[in-house]
Amino acid sequence: MNIVMVGGRKKIDFLAKSLLEKKHHITLIHDDENYCKYLSRTHNAPVVFGDGSKPYILEDANIGGADVIIALTPKDADNLVICQLAKKVYGVKRAFTTVSNPKNVEVFKKLGINSVISATYIVAGIIEQMAAINEIENFISIEQGKIVMMEIVVRENYPVCGKTLAEIGFPEQGIVGCIIRGVNSIIPRGKTRIQADDKLIILSPPKIQRELIELIVGRDDI
Amino acid sequence: MKKKDCSYIIVAGCSRFGANIASMLSSQGKDVVVVDSNSSSFRKLSPDYSGFNIVADATDIDELTRAGIEKADLVVAATNDDNTNIMIAQIASKIFNVPKVVSRLYDTEKEIVYQDFNTQIIYPSKLSICEFEKLISHTGTEGLK
């Protein structure tokens with residue numbers, strides 16, 4: 001894929017490395033000349049120095065041939081304009097951006113930019129969950145928190161230990177999507193039996209999350 | 001319920017342009033609110049300006065709501081930054097359905113992002129060129145020869 005990335009320091013550096021490893025063609029745009037020099041030394045990719053919200057800079061980066069634009073500048077307004085120019089003028093199919101103000105996730109959606117990530121929003125959500133419930137090993141919020149994915153490691157004293165999924169009777173909206181047992185991963189069926197030290201990967205809407213944890217852990221002091 | 005046409009106005013950005021427009025509208029008896037992230041910008045307002053000042057980021061929807069954008073008849077995006085103006089104008093017209101939105105835009109190449117939005121644009125660069133042409137045609141081209 002041809003990817004154009006604009007602005008951002010650690011983010012663009014890290015993402016460039018990871019995308020190059022996956023054999024994507026990337027072009028970087030940054031408005032700090034010294035940082036451009038650093039990027040150009042570090043990565044095997046064309047680097048354009050300039051304001052990425054200006055059409056002629058985007059053209060220098062060959063935006064016309066890009067499949068994806070990623071805007072990572074610190075200013076939300078700049079990111080909005082970069083994504084809108086790329087989509088409206090140059091026909092780029094997919095636009096991704098980060099916003100510093102979490103409220104702008106909704107604002108950007110209403111203005112036609114759908115893939116918006118707010119680091120503040122995501123990090124706050126994760127910390128809140130992990131701090132509140134210590135049974136959760138890992139927690140990911142999907143679709144702005146409409147669905148959550150959590151990992152729970154089963155202990156011997158949990159009521160679900162030794163039972164099959166059918167016996168446990170999960171609520172309709174929640175599902176155990178995968179069980180990690182040692183090095184194996186199992187896609188469970190109703191007759192799959194849960195053992196101690198299994199890691200359950202559970203998908204559910206947030207409102208029944210507490211109910212699910214109670215069901216698995218067997219107490220409600222969480 | 002509207003009192004009269006264009007009676008509640010939000011000016012986002014207390015630039016020279018924004019400050020003068022706010023002062024002018026205020027002297028015409030309109031209710032004006034100026035929003036700027038820097039409190040020292042308000043010194044540019046004329047001494048008889050009688051509207052409100054709010055120190056805030058005008059691209060933040062909560063701050064705009066606090067400034068009363070829901071009942072605004074006119075929003076003027078007058079910051080010194082094109083991208084900020086574009087964002088404010090789009091928020092005003094698309095999210096809050098403000099009946100009249102005016103935005104300043106220096107870079108004519110960015111005009112296309114205003115497509116599909118009910119926004120009127122002032123181009124300082126185009127206006128300067130028009131004025132220049134007028135001056136030249138008045139004095140005639142003889143003066144240049």
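The numbered conditions (1) more than 9 Å from every other protein chain (Cβ to nearest Cβ); (2) more than 23 Å from B:ALA19 (Cα to Cα); (3) without any contact (Cβ under 8 Å) to a residue 24 or more places away in the chain are all true for B:TYR114 except (3).
Return a yes/no flag: does region B:64-71 have any residue that is closer than 23 Å to B:PHE117 by Cβ, open to solvent by 50 Å² or more (accessible area, probe 1.4 Å) and within 11 Å of chain A (Cβ to nearest Cβ). Looking for residues that are closer than 23 Å to B:PHE117 by Cβ, open to solvent by 50 Å² or more (accessible area, probe 1.4 Å) and within 11 Å of chain A (Cβ to nearest Cβ), one finds at least one in region B:64-71, hence yes. Looking at (1) assigned to a loop (DSSP other than H, G, I, E, B); (2) modelled with pLDDT of 85 or more; (3) of a type outside the set (Val, Ile, Thr); (4) surrounded by 13 or more Cβ atoms within 10 Å (Cβ to Cβ), which is the one condition that is false for A:LEU200? Tallying (1) assigned to a loop (DSSP other than H, G, I, E, B); (2) modelled with pLDDT of 85 or more; (3) of a type outside the set (Val, Ile, Thr); (4) surrounded by 13 or more Cβ atoms within 10 Å (Cβ to Cβ), A:LEU200 fails exactly one: (1). In summary, A:VAL107 fulfils each of the numbered conditions (1) of a type outside the set (Asp, Glu); (2) in contact (Cβ under 8 Å) with a residue 24 or more places away in the chain; (3) within 14 Å of chain B (Cβ to nearest Cβ) with the single exception of condition (2). Reported count of residues in region B:26-41, each being touching a residue at least 24 places away in the same chain (Cβ under 8 Å) and farther than 21 Å from B:ASP62 by Cβ, is 2.
Of B:SER50, B:SER15, B:SER7, B:SER27, all but one fail to be in contact with a helix residue (DSSP H, G or I) (Cβ under 9 Å, 6 or more places away or on another chain) and over 30 Å from A:SER53 (Cα atoms); the exception is B:SER50. Condition (residue is more than 12 Å from every other protein chain (Cβ to nearest Cβ) and among the charged types (D, E, K, R)) applied to region B:74-86: is it met by at least one residue? There is no residue in region B:74-86 that is more than 12 Å from every other protein chain (Cβ to nearest Cβ) and among the charged types (D, E, K, R). Any residue in region A:6-17 that is open to solvent by 80 Å² or more (accessible area, probe 1.4 Å), in contact (Cβ under 8 Å) with a residue 60 or more places away in the chain and assigned to a helix (DSSP H, G or I)? So far as region A:6-17 goes, yes, one or more of its residues are open to solvent by 80 Å² or more (accessible area, probe 1.4 Å), in contact (Cβ under 8 Å) with a residue 60 or more places away in the chain and assigned to a helix (DSSP H, G or I).
Residues in region A:177-215 that are over 24 Å from A:MET130 (Cα atoms) and either in contact with a helix residue (DSSP H, G or I) (Cβ under 6 Å, 6 or more places away or on another chain) or acidic (Asp, Glu) (or both): A:PRO188, A:GLY190, A:THR192. Scanning region B:43-59 for residues that are open to solvent by 30 Å² or more (accessible area, probe 1.4 Å), within 16 Å of the chain's Cα centre (by Cα) and away from every other protein chain (no Cβ under 14 Å) yields a total of 3.
Inspection of region B:84-100 identifies no residue that is of a type in the set (Lys, Arg) and either crowded, with 21+ Cβ neighbours inside 10 Å or in a loop (DSSP other than H, G, I, E, B) (or both). Among the residues of region A:67-103, those identified as open to solvent by less than 10 Å² (accessible area, probe 1.4 Å) and facing another protein chain (nearest Cβ under 8 Å) are A:ALA77, A:LEU80, A:VAL81, A:GLN84, A:LEU85.
Flag set for B:ARG16, criterion: surrounded by fewer than 16 Cβ atoms within 10 Å (Cβ to Cβ), within 17 Å of B:ARG104 (Cα to Cα) and at pLDDT below 95.
So that you can scan it fast, the table gives a plain yes or no per residue for (1) under 22 Å from the mean Cα position of the chain (by Cα); (2) open to solvent by 70 Å² or more (accessible area, probe 1.4 Å):
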{"residue": "A:MET150", "(1), (2)": "yes, no"}
{"residue": "A:TYR158", "(1), (2)": "no, no"}
{"residue": "A:GLU167", "(1), (2)": "no, yes"}
{"residue": "A:ARG193", "(1), (2)": "no, yes"}
{"residue": "A:SER204", "(1), (2)": "yes, no"}
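Just one of the numbered conditions (1) surrounded by fewer than 15 Cβ atoms within 10 Å (Cβ to Cβ); (2) away from every other protein chain (no Cβ under 14 Å) is not true of A:TYR56: (2).
The values are calculated or read from the model by the stated rules, or taken from the named source; none is laboratory data. Only a predicted model underlies this, so the values are computations on that prediction, with no experimental measurement involved. Every residue, glycine among them, receives a Cβ derived from its backbone with ideal geometry; neighbour counts consider all protein chains shown. All accessible areas refer to the heavy atoms of the entire protein, side chains included, with ligands and DNA or RNA removed. Shrake-Rupley method; radii C 1.70, N 1.55, O 1.52, S 1.80 Å.
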